[in-house]
Structures are given as C-alpha cells and as structure tokens.
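Okay, structure first, notes after.
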Amino acid sequence: MNDFQNWRADTEQQIGDWTNWLFYEALKKGTYNAGIHWLQKNKPEMPSSYKATAGETFSTVIRTIYDDAIEKVRYEAMKRPTNY
C-alpha cells in the first residue's frame, strides 16, 4: 500500500509539473490568445463512448491538465495592464 501512496504522490507532483510546462509552452506562442488556442488545439478529445474505465479516467486527467494550463494563461493575461 505504501508503494501505491508514493506513486499517487509522485503522480500528483508530475501533474503540476506538466501543467506548468504546458503553461510556459503556451506563453512561447507570442500572444496569450495564441497560447490558449494552441492548448485547446492539442487537448485530447473525449472518447465517444465513456464507461469510466481506468484509461478513460486517465484521459480525463490529461484533459484537466490542459484546462488548468488554459486557466493559468488566462489569469496571467488578466494581470496585465490595459493600454488605455
């Protein structure tokens, strides 16, 4: 059971790391809008038939990582002052 708990903790850390990586990759696209578009374009599709198997649930986690990165890009954009 201890191995499973360690795996879970490591996985949670890696989810945060991947979210941050996607965020920084999105910022390299030139504009916030382009970064968000890049994230949306690369976000995996949901399966047409969802039975909540382990693989499908993992796909949902991956989609959530992209959603979290999109949220971070939007938050970063909202912190910027306007030109007016």
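The values are calculated or read from the model by the stated rules, or taken from the named source; none is laboratory data. Predicted, not measured: the structure shown is a model, and the values here were computed from it. Using ideal geometry, Cβ is built from the backbone for each residue, glycine included, and neighbour counts are taken over all protein chains shown. Calculation scope for accessible area: heavy atoms of the full protein, side chains included, ligands and nucleic acids excluded. Shrake-Rupley method; radii C 1.70, N 1.55, O 1.52, S 1.80 Å.
In table form, for the structure just shown:
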{"item": "Failed condition for Glu25, given (1) in contact with a helix residue (DSSP H, G or I) (Cβ under 7 Å, 6 or more places away or on another chain); (2) open to solvent by less than 100 Å² (accessible area, probe 1.4 Å)", "result": "(1)"}
{"item": "Scan of the range 45-60 for residues that are open to solvent by 50 Å² or more (accessible area, probe 1.4 Å) and either of a type outside the set (S, T, N, Q) or not in a loop (DSSP other than H, G, I, E, B) (or both), ordered by number", "result": "Glu45, Met46, Tyr50, Lys51, Ala52, Ala54, Thr57, Phe58"}
{"item": "Residues of the range 43-62 satisfying the condition of being among the charged types (D, E, K, R), within 24 Å of Asn33 (Cβ to Cβ) and at pLDDT below 95", "result": "Glu45"}
{"item": "Flag if Asp68 is touching a helix residue (DSSP H, G or I) at 6+ places or on another chain (Cβ under 9 Å), open to solvent by 50 Å² or more (accessible area, probe 1.4 Å), of a type in the set (Asp, Glu) and at negative phi", "result": "yes"}
{"item": "Residue check, Ala9 on the phi > 0 side of the Ramachandran plot and open to solvent by 40 Å² or more (accessible area, probe 1.4 Å)", "result": "no"}
{"item": "Hits in the range 61-84 (condition: aromatic (Phe, Trp, Tyr) and outside any helix (DSSP H, G or I))", "result": "Tyr84"}
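Quick grid of which residues meet (1) among the charged types (D, E, K, R); (2) at negative phi; (3) loosely packed, with under 14 Cβ neighbours inside 10 Å:
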site: Gln5; (1), (2), (3): no, yes, yes
site: Trp21; (1), (2), (3): no, yes, yes
site: Lys29; (1), (2), (3): yes, yes, no
site: Gly35; (1), (2), (3): no, yes, no
site: Lys43; (1), (2), (3): yes, yes, no
site: Val73; (1), (2), (3): no, yes, no
site: Pro81; (1), (2), (3): no, yes, yes
